[in-house]
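Enquirer: Provided herewith is a single structure, encoded as structure tokens, for subsequent inquiry.
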Amino acid sequence: MIKRGDRKNWAREQFQGFENILMPSFSANYRELNEEGIRLDVRQSIAHGFFATLCAMESGMTPTEQRRLLEIACDEAGDDIHIGMSLAGESLEQDVAQLQFAESVGVSHAQITWPQNFRPSSHDEVVEFASALSQASHLGLVLLASENFAMRHLHPSGLPFEAFERLADLDNVIALQLGSMDAGLILECCERFCDRLLVTSMNFGMLPMLVQNFDLQWSGAWCVEALQSPEKPYANQFLDALRKGEMDTAMGIYWNLFPALAAMGRTLAANKRFLEIVCDEAADKIQVSFTLLFDSFEDTLEMLEHAEKVGASHALLAYPQDFRPTCTGRHRRHDTPHIRGNQSGPGHVRHRQVRFRALSPQPCTFRRLRSDCRSAEHRVHQGGFRRPGHDLRVF
């Protein structure tokens, strides 16, 4: 077991490359975890060449299901890939219990995601909460900077800089993951923390500058599969070339991937057309779901109505970034079979779907969309996932 005092050195050696996200697979009726589906996804993460995969614990699971997900993932991973987790307790006590169980089954690191009802009045409260987690386990801890957390009263960015300055010195606080895409925030965090923490960003376009100026060595946790396949690991090759100083090679890969990167920031109109193409090709052969991830309630409703017209079957309800409900409470499972909410906002699904991904650096054409739909359908009917109820999720 890696001791708390050795975690920073361990992380410097191990956190190299990309970390993706492991979503829980469920049975078709959502009643139980699908073990073979989870194991398949771990094997896929290994095939992609990722150094770690992060179990999304906030994906609508019960505490028992959360523990079982970790057991399955760690058992399948063996020594081939590190298993991380996002803390998803509703209190410090629940987070401590999750950490200690995770350590017992082989998890290597945990991302600190603050409870939904955590409203610190000072930097001291942030430090006290995270310090208690640090003392409760020898696992490596990753600080998460996200504008989703209610800390703007401590700093305009939502990141409690004063608290993080103190937490960065704790022995097993190993990294800082930036969920924000703001360039100013990313640069200030690198300037402040890169000498003590492994700072990373999901902003793919900033990686060349961050590697050159701050020796960035990892990026995660996000759906890196959107940019590569195991046979064509473009993202891995891109970061590897950057780390070797082969800038021309790296930027060649980057510009080949640019159409896929641009597709991630599609407008509402483009999203509508994208969904039309997928639904048209899917027809009655495979269900199509999509993520409701828009900046306003009006856009969300407009997209939902359009999706119903073109034949989508169901949607993931993800809240806008500026959505701040006035009351809090324990989330309950939704009874509706068509729209399922999540516990912490954008990016988490209730069950695993066949993922539509841009696996080619070529521009995404209508013909290619139709081809990928047929490919996803073929994988399902060939039994590659060994479980019923699959559908095609578009992002």
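Enquirer: Residue check: is Ala235 over 18 Å from Ala175 (Cβ atoms) and touching a Lys or Arg at 6+ places or on another chain (Cβ under 6 Å)?
Expert: no
Enquirer: In contact with a strand residue (DSSP E or B) (Cβ under 6 Å, 6 or more places away or on another chain) and in the same structural domain as Gln111 (by TED's automatic domain parsing): does that describe Ala221?
Expert: yes
Enquirer: If Gln111 passes every condition in (1) buried (at least 20 other Cβ atoms within 10 Å of the Cβ); (2) more than 22 Å from the chain's Cα centre (by Cα); (3) polar (S, T, N, Q) but one, which one does it miss?
Expert: It fails just one condition, (2).
Enquirer: Here is a follow-up. When you scan the range 115-129, do you find a residue that is within 16 Å of Thr53 (Cβ to Cβ) and within 19 Å of the chain's Cα centre (by Cα), even just one?
Expert: No, the range 115-129 contains no residue that is within 16 Å of Thr53 (Cβ to Cβ) and within 19 Å of the chain's Cα centre (by Cα).
Enquirer: Another question, if that's okay. May I ask you to list the residues in the range 180-197 that are closer than 18 Å to Gly17 by Cα and either surrounded by 20 or more Cβ atoms within 10 Å (Cβ to Cβ) or modelled with pLDDT of 95 or more (or both)?
Expert: Cys190, Leu197
Enquirer: A further question on this structure: Within the range 53-61, can one find any residue that is in contact with a Gly (Cβ under 8 Å, 6 or more places away or on another chain), part of a helix (DSSP H, G or I), modelled with pLDDT of 90 or more and buried (at least 22 other Cβ atoms within 10 Å of the Cβ)?
Expert: Looking through the range 53-61, none of the residues is in contact with a Gly (Cβ under 8 Å, 6 or more places away or on another chain), part of a helix (DSSP H, G or I), modelled with pLDDT of 90 or more and buried (at least 22 other Cβ atoms within 10 Å of the Cβ).
Enquirer: If you check Glu65 against the conditions, is it in a helix (DSSP H, G or I), over 30 Å from Gln116 (Cα atoms), at pLDDT below 95 and in the same structural domain as Asp80 (by TED's automatic domain parsing)?
Expert: Spelling it out, it is not the case that Glu65 is in a helix (DSSP H, G or I), over 30 Å from Gln116 (Cα atoms), at pLDDT below 95 and in the same structural domain as Asp80 (by TED's automatic domain parsing).
Enquirer: Among the helices (runs of 4 or more DSSP H) confined wholly to the range 160-256, which include 2 or more residues that are farther than 24 Å from Ala110 by Cβ?
Expert: The qualifying helices (runs of 4 or more DSSP H) are 183-193, 207-214, 234-243.
Enquirer: Please enumerate the residues belonging to the range 244-258 that are touching a residue at least 40 places away in the same chain (Cβ under 8 Å) and closer than 17 Å to Gly17 by Cβ.
Expert: Ala250, Ile253, Tyr254, Leu257
Enquirer: Can you say whether Ala88 is assigned to a loop (DSSP other than H, G, I, E, B), surrounded by 23 or more Cβ atoms within 10 Å (Cβ to Cβ) and not aromatic (Phe, Trp, Tyr), as far as the supplied structure shows?
Expert: When the stated conditions are applied, Ala88 passes them.
The values are calculated or read from the model by the stated rules, or taken from the named source; none is laboratory data. A quick note: this is a predicted structure, and the numbers were derived from the prediction, not measured. Heads up, the Cβs are rebuilt from the backbone with ideal geometry, glycines too, and the neighbour counts pull from every protein chain shown.
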